[in-house]
1. What percent do you get for the relative contact order of the range 2-121 when only Cα pairs under 8 Å and 6+ apart count?
2. Helix-only estimate, please: 222 nm mean residue ellipticity of the chain, summing -39500 (n - 2.57) across DSSP H runs of length 4 or more and dividing by its residues, to the nearest 500.
3. Please list, in order along the range 104-113, the HN-Hα scalar couplings obtained from phi with the Karplus expression 6.51 cos²θ - 1.76 cosθ + 1.60 (θ = phi - 60°), rounded to whole Hz, x for Gly and Pro.
4. How far apart, in nm, are the 7 Å Cα→Cβ label points at Asp112 and Ile7?
5. Going by the alpha-carbon gyration tensor, a ≥ b ≥ c the square roots of its eigenvalues, is the range 42-123 rounded (a/c under 1.5) or, if a/c is not under 1.5, prolate (a/b greater than b/c) versus oblate?
6. For the Cα atoms of the chain, what angle does the longest principal axis make with the long axis of helix 12-21, in degrees from 0 to 90, nearest 10?
7. What net charge is computed for the residues neighbouring Glu56, neighbours being all others with C-beta under 15 Å from the C-beta of Glu56, Lys and Arg scored +1, Asp and Glu -1?
8. Return one number: the angle in degrees, 0 to 90 and rounded to the nearest 10, between the long axis of the Cα atoms of helix 45-61 and the longest principal axis of the Cα atoms of the chain.
Amino acid sequence: MIVGIGIDIVEIPRFEATISRQPAMIDRLFTAREQLTDEGHRRTATSLAARFAAKEAVAKALGAPQGMQWHHCEVVGESSGRPHLYLSGTVQEQAAAQGVTSWHLSLSHDGDLAVAYVIAEAN
């Protein structure tokens, strides 16, 4: 059963300008694991924008409850490259309270836009 869906679109140049003006924002929004590729390189603004869109989409799928923390929703890649959500703390608590047992995530970017779509599901 679908508990919720969420979608978010991020304008990449705007996101890039924001993190250029306020570099500390990267640490506020993303865990160390999210900031680096598997090879240990810093992720591009495009990649981070898609991950930010995923975090927003997760919040929307849960009904945007107050008190959730950015670092409690991580977007990580599986060995296949497929994106995966790793939830902890405040976000995991909200998901559990709503009966969410699994997540589906899709990320994409083209031109100046990054988009994320999530489905929260209960068995």
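1. Dividing the mean separation by the residue count of the range 2-121 yields 39 percent.
2. After summing the helix terms and dividing by the residues of the chain, the value is -10500 deg cm²/dmol.
3. 10, 9, 10, 10, 7, 8, 7, x, 9, 10
4. 2.0 nm
5. Taking the square roots of the gyration eigenvalues as a ≥ b ≥ c, the range 42-123 is prolate.
6. So the helix axis and the longest Cα principal axis differ by about 70 degrees.
7. My count for the surroundings of Glu56 gives +1.
8. 20 degrees
We did not get these values from a lab; they are worked out from the coordinates using the rules stated. It should be emphasised that the depicted structure is a prediction, and the values quoted were computed from it without experimental measurement. Using ideal geometry, Cβ is built from the backbone for each residue, glycine included, and neighbour counts are taken over all protein chains shown.
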